[in-house]
1. What's the total number of residues in the stretch 149-162 that are part of a loop (DSSP other than H, G, I, E, B), in contact with a strand residue (DSSP E or B) (Cβ under 8 Å, 6 or more places away or on another chain) and farther than 19 Å from A64 by Cα?
2. State yes or no: is K5 more than 15 Å from the ligand (Cβ to nearest atom), more than 17 Å from R76 (Cβ to Cβ) and of a type outside the set (G, A, S)?
3. Say we look at the stretch 35-49 and pick out the residues that are more than 9 Å from the ligand (Cβ to nearest atom) and at negative phi; which of these is surrounded by the fewest Cβ atoms within 10 Å (Cβ to Cβ)?
4. Sort out which residues of the stretch 106-141 are within 14 Å of the ligand (Cβ to nearest atom) and assigned to a loop (DSSP other than H, G, I, E, B), and write them in order of number.
5. Based on what the data block shows, is M114 touching a Phe, Trp or Tyr at 6+ places or on another chain (Cβ under 8 Å) and more than 18 Å from A142 (Cβ to Cβ)?
6. For A73, all conditions in the list (1) in contact with a Ser or Thr (Cβ under 7 Å, 6 or more places away or on another chain); (2) modelled with pLDDT of 90 or more; (3) not basic (K, R) hold save one; what is the number of the exception?
7. Select from the stretch 10-34 the residues that are surrounded by 16 or more Cβ atoms within 10 Å (Cβ to Cβ) and modelled with pLDDT of 90 or more and list them in ascending order.
Amino acid sequence: MEKSKYAPVINTENHDTISMLVLDKNGNLSGGCTTSGAAWKMHGRVGDSPIIGAGLFLDNEVGAAAATGLGEAVIRTAGSAMVVELMRQGKSPYDACKEIVERIFNKHKNHRDMPYLQVGFIALNNKGEHGAYSLRAGFNFAIHDEKDGNRMEDAKFKMTWDD
Ligand code: ASP
C-alpha cells in the first residue's frame, strides 16, 4: 500500500477466492466466485475472478470450473475455460484440473515469482463428478451431495511450499 509496487504475492496467508459450482436436480449447472480474495491488491489490479473464462467458466453441456491462486497466471492460460474444454474432450474433472496446473507450472518454472505462485482449480462435470488439483499444498474444498452430505476434501497437489 505504501509503495504501490506491482508484485502480487500469493501464499498461504493472503488469498482465498471463494468459488462455488452447483449441479441442480434438473442437470443444470451454476457457478459463482467472489471478486478475488487477494489481500493488499494494488489499486486498479484486475485479478482472474471477475473475468469469465479465467477465474470461472461454465458450459451447461459439459461442466464448470473455478480457480484460486495467482490471478495473473490463471488469466494467461484462460485457466477455467481450459479446464472445461479438457472435460469436453473427455477428461475427468480431476485430470482436467491437473493438466492446467501442470501447464501453468511449466510456463512459470523459471520465473522469479515462483516462490509466490499458487494456483488451484475445482471442477464439476454435468454428470455430477468433481475434481480438484493445486500447484502447492494446502488447497481444500467443501462438497455437498445427496449421497454423502457435507464434507471437506484436500486437493492433491504437485509440490509443497518448500519445494
Ligand atoms: N485469484 C485471486 C486474484 O488473483 C487471488 C485469490 O486466490 O484469492 O486476485
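The values are calculated or read from the model by the stated rules, or taken from the named source; none is laboratory data. Source: prediction; values computed, not measured. Here the Cβ positions follow ideal geometry from the backbone for every residue, glycine too, while neighbour counts run over all protein chains shown.
1. The first filter runs over the stretch 149-162 and keeps only residues part of a loop (DSSP other than H, G, I, E, B), leaving 155, 160-162.
Okay, now just the ones that are also in contact with a strand residue (DSSP E or B) (Cβ under 8 Å, 6 or more places away or on another chain), so 155, 160-161.
Still in the list and also farther than 19 Å from A64 by Cα: 160-161.
Of the residues in the stretch 149-162, 2 are part of a loop (DSSP other than H, G, I, E, B), in contact with a strand residue (DSSP E or B) (Cβ under 8 Å, 6 or more places away or on another chain) and farther than 19 Å from A64 by Cα.
2. Answer is yes for this residue.
3. It comes out as H43.
4. Those that are within 14 Å of the ligand (Cβ to nearest atom) and assigned to a loop (DSSP other than H, G, I, E, B): D113, L117, Q118, G138, F139.
5. Numbers: touching a Phe, Trp or Tyr at 6+ places or on another chain (Cβ under 8 Å): no; more than 18 Å from A142 (Cβ to Cβ): yes.
Answer is no for this residue.
6. Among (1) in contact with a Ser or Thr (Cβ under 7 Å, 6 or more places away or on another chain); (2) modelled with pLDDT of 90 or more; (3) not basic (K, R), A73 violates only (1).
7. S19, M20, L21, L23, L29, G31, C33, listed by residue number.
Conditions tested, residue by residue: (1) away from the ligand (no atom under 16 Å from the Cβ); (2) in a loop (DSSP other than H, G, I, E, B); (3) hydroxyl-bearing (S, T, Y).
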| position | (1), (2), (3) |
| --- | --- |
| E99 | yes, no, no |
| I104 | no, no, no |
| I143 | yes, no, no |
| K147 | yes, yes, no |
